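Q: Structure below; questions to follow.
Only the coordinates and a few stated rules stand behind these numbers; no lab work does. Just so it is clear, the structure is predicted and the values come from calculations on it, not from any experiment. All Cβ positions, even for glycine, are placed from backbone atoms using ideal geometry, and neighbour counts span all protein chains on display.
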Amino acid sequence: KYGLVTSAFVNSQNATFGPWPVDEGLCTLEEHRYLPIDVAAKDLFKEGIDTVIISNCYASEEELKKLGDLKKTMLDISVNLAENIPEVEKNIVLNFVHFNRGDVNENLIRSTQSRVKYKGHYFEVFNPVDIKRGDIIIESSLYGHYAGELQIAKTDMKNTGKTNVVGRVKDDEIYLLDDIKPWEKFILKEVK
């Protein structure tokens, strides 16, 4: 509101000292203490923090690269894709700027632009396993006009047999799903 620049601290998980004779660092939020440095930074940027400072020494080259690759203005969520998913479904997961619909519910984050783009495409059922919190799902054509819609599960659910589980949010980033607001944009990035 007043144009103040905000800062917060994160920890390197590779540090060997600091700032005291211990190496756990002085992260701003205790919940970030043992998280990967980029996950903690994603959370802080999502909450509106302007600058992230590493509180212990020395961050690894890999950690610095991960921090440098982050988008401060849009949450990117690290995901693992299911094996052998069709190209269209893979494209939906990785090549869209997603957003959480305005009519939110407690079970799912719903991103609907893929069902608009791929209207008329037939989405086969190929992985209708039960749905766990953090799973990325795409509706099959058995769901009619919802076919091709990408969703992320916020709760465990029974699969009716019409929904494909196409990937999963990395375990240490699942908690970031709880604070995605209506109409908030995000991207999904595959990690290997």
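Every residue, every condition in (1) polar (S, T, N, Q); (2) closer than 24 Å to Ile187 by Cβ; (3) part of a loop (DSSP other than H, G, I, E, B), yes or no:
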site: Arg115; (1), (2), (3): no, yes, no
site: Asn127; (1), (2), (3): yes, yes, yes
site: Ile136; (1), (2), (3): no, yes, no
site: Gly144; (1), (2), (3): no, no, no
site: Ile152; (1), (2), (3): no, yes, no
site: Gly161; (1), (2), (3): no, no, yes
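Q: Does Gly25 meet the test of being out of contact with any helix residue (DSSP H, G or I) (no Cβ under 6 Å at 6 or more places or on another chain), without any contact (Cβ under 8 Å) to a residue 60 or more places away in the chain and crowded, with 20+ Cβ neighbours inside 10 Å?
A: Details: out of contact with any helix residue (DSSP H, G or I) (no Cβ under 6 Å at 6 or more places or on another chain): yes; without any contact (Cβ under 8 Å) to a residue 60 or more places away in the chain: yes; crowded, with 20+ Cβ neighbours inside 10 Å: yes.
It is true that Gly25 is out of contact with any helix residue (DSSP H, G or I) (no Cβ under 6 Å at 6 or more places or on another chain), without any contact (Cβ under 8 Å) to a residue 60 or more places away in the chain and crowded, with 20+ Cβ neighbours inside 10 Å.
Q: Moving on to the next point. What are the residue pairs meeting all of these: first residue in region 171-192, first residue exposed (fewer than 13 other Cβ atoms within 10 Å of the Cβ), second residue in a loop (DSSP other than H, G, I, E, B) and among the basic types (Lys, Arg), Cβ atoms under 8 Å, and 6 or more apart or on different chains?
A: Hits for this filter: Asp178/Lys154; Pro182/Arg101; Trp183/Arg101; Val191/Lys170.
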